[in-house]
Amino acid sequence: MPNIDHKNAKNALRKTLKAILKAMDEESRDSLSLRAVENFMTLPEYKRAAIVLAFLSMKEELRTKALIDGALTEGKVVAVPRIGFSRTEGDYLEFIPLTLDYESWPLDRFGIPEPPEAAQGLSLEEMGSSRVVVAVPGLAFDLSGGRMGRGKGYYDRFLAKARAAKANYGGFLAVCGLCFESQIVGRVPMGPWDQRIEFLATETALRKL
């Protein structure tokens with residue numbers, strides 16, 4: 001069972017960070033997002049990557065369009081998350097490769113283009129044997145590699161499996177948080193099941209953690 005104090009600390013931090021993101025005006029969000037993406041794309045592991053696991057932005061998130069379009073233009077495989085379900089795992093995160101017409105996909109309830117149901121996700125073997133960089137979203141990050149998402153644990157479970165696949169199949173995997181500088185906090189409450197990140201890209205800097 002999660003520690004109650006730990007859970008309460010996370011909930012309070014989520015509330016604070018959601019308010020910060022909501023208060024940001026659109027012009028600032030767009031300009032700071034572009035600078036953060038530019039910093040992300042200077043990461044040597046990004047330049048070497050064959051596969052970029054990105055995310056399509058919700059209304060109040062950092063904008064990832066420049067990253068997605070830039071990586072597609074460079075000929076990289078760009079894949080974005082979709083929630084899958086299996087009887088053994090329950091809900092899990094899978095990554096669906098984007099096509100150039102992805103912006104014409106129907107929007108989901110968050111206003112995000114939704115991959116067609118027939119679209120196949122990348123397998124763990126494909127990712128584990130390739131050169132992969134992950135642009136990880138989140139609400140809060142710290143400079144020790146701590147990350148806090150929205151409370152469902154999807155990315156933590158995925159990253160644990162992806163890191164195991166890398167070890168099994170011999171590829172490389174670089175995990176980089178992508179966020180605004182205002183989302184960095186002194187310390188993110190972390191449990192033993194939470195996955196840490198290795199790099200952090202904001203509008204101010206690209207940091208190795």
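Quick one: is Val80 of a type in the set (A, V, I, L, M, F, W, C), touching a helix residue (DSSP H, G or I) at 6+ places or on another chain (Cβ under 6 Å), in a strand (DSSP E or B) and within 11 Å of Leu53 (Cβ to Cβ)? I'd like the intermediate steps shown before the answer.
Values: of a type in the set (A, V, I, L, M, F, W, C): yes; touching a helix residue (DSSP H, G or I) at 6+ places or on another chain (Cβ under 6 Å): no; in a strand (DSSP E or B): yes; within 11 Å of Leu53 (Cβ to Cβ): yes.
When the stated conditions are applied, Val80 does not pass them.
A single entry from Glu117, Glu125, Glu103 fulfils the requirement of being without any contact (Cβ under 8 Å) to a residue 24 or more places away in the chain, out of contact with any His (no Cβ under 8 Å at 6 or more places or on another chain), charged (D, E, K, R) and assigned to a helix (DSSP H, G or I): Glu103. Look at the range 31-48: where a residue is assigned to a helix (DSSP H, G or I) and a partner is among the charged types (D, E, K, R), sitting 6+ places away or on another chain with Cβ atoms under 6 Å, you get Leu32/Glu203; Ser33/Arg63; Arg35/Glu203; Ala36/Glu203; Arg48/Arg131.
Suppose the filter is surrounded by fewer than 18 Cβ atoms within 10 Å (Cβ to Cβ) and in contact (Cβ under 8 Å) with a residue 40 or more places away in the chain; does Phe95 pass it? So Phe95 fails the test. Hey, could you check the range 140-165 for residues that are assigned to a loop (DSSP other than H, G, I, E, B) and either in contact with a Ser or Thr (Cβ under 9 Å, 6 or more places away or on another chain) or at pLDDT below 95 (or both) and say which is nearest to Lys208 (Cα to Cα)? Among those that are assigned to a loop (DSSP other than H, G, I, E, B) and either in contact with a Ser or Thr (Cβ under 9 Å, 6 or more places away or on another chain) or at pLDDT below 95 (or both), it is Gly149.
Please work out which residue is nearest to Arg187 (Cα to Cα), limiting yourself to the range 98-149 and to residues that are of a type in the set (Val, Ile, Thr) and within 15 Å of the chain's Cα centre (by Cα). Filtering first and then ranking leaves Val136. When Glu125 is tested against (1) buried (at least 19 other Cβ atoms within 10 Å of the Cβ); (2) of a type in the set (D, E, K, R); (3) over 18 Å from Ser33 (Cβ atoms), exactly one condition is not met: (1).
Within the range 175-189, can one find any residue that is touching a strand residue (DSSP E or B) at 6+ places or on another chain (Cβ under 9 Å) and of a type in the set (D, E, K, R)? Full working, then the answer.
To start, the set of residues in the range 175-189 that are touching a strand residue (DSSP E or B) at 6+ places or on another chain (Cβ under 9 Å) comprises 175-179, 183-185, 188-189.
Next, from what is left, pick out any that are of a type in the set (D, E, K, R): none.
No, the range 175-189 contains no residue that is touching a strand residue (DSSP E or B) at 6+ places or on another chain (Cβ under 9 Å) and of a type in the set (D, E, K, R).
Take the conditions (1) surrounded by fewer than 21 Cβ atoms within 10 Å (Cβ to Cβ); (2) modelled with pLDDT under 90; Pro115 misses just one of them, which is (1).
In the set Glu89, Glu26, only one residue is over 20 Å from Phe172 (Cα atoms), modelled with pLDDT of 95 or more and exposed (fewer than 13 other Cβ atoms within 10 Å of the Cβ); that residue is Glu26.
The values are calculated or read from the model by the stated rules, or taken from the named source; none is laboratory data. Keep in mind that this is a model prediction, so the values were computed, not measured. As a convention, Cβ positions derive from the backbone with ideal geometry for all residues, glycine included, and neighbour counts pool all protein chains shown.
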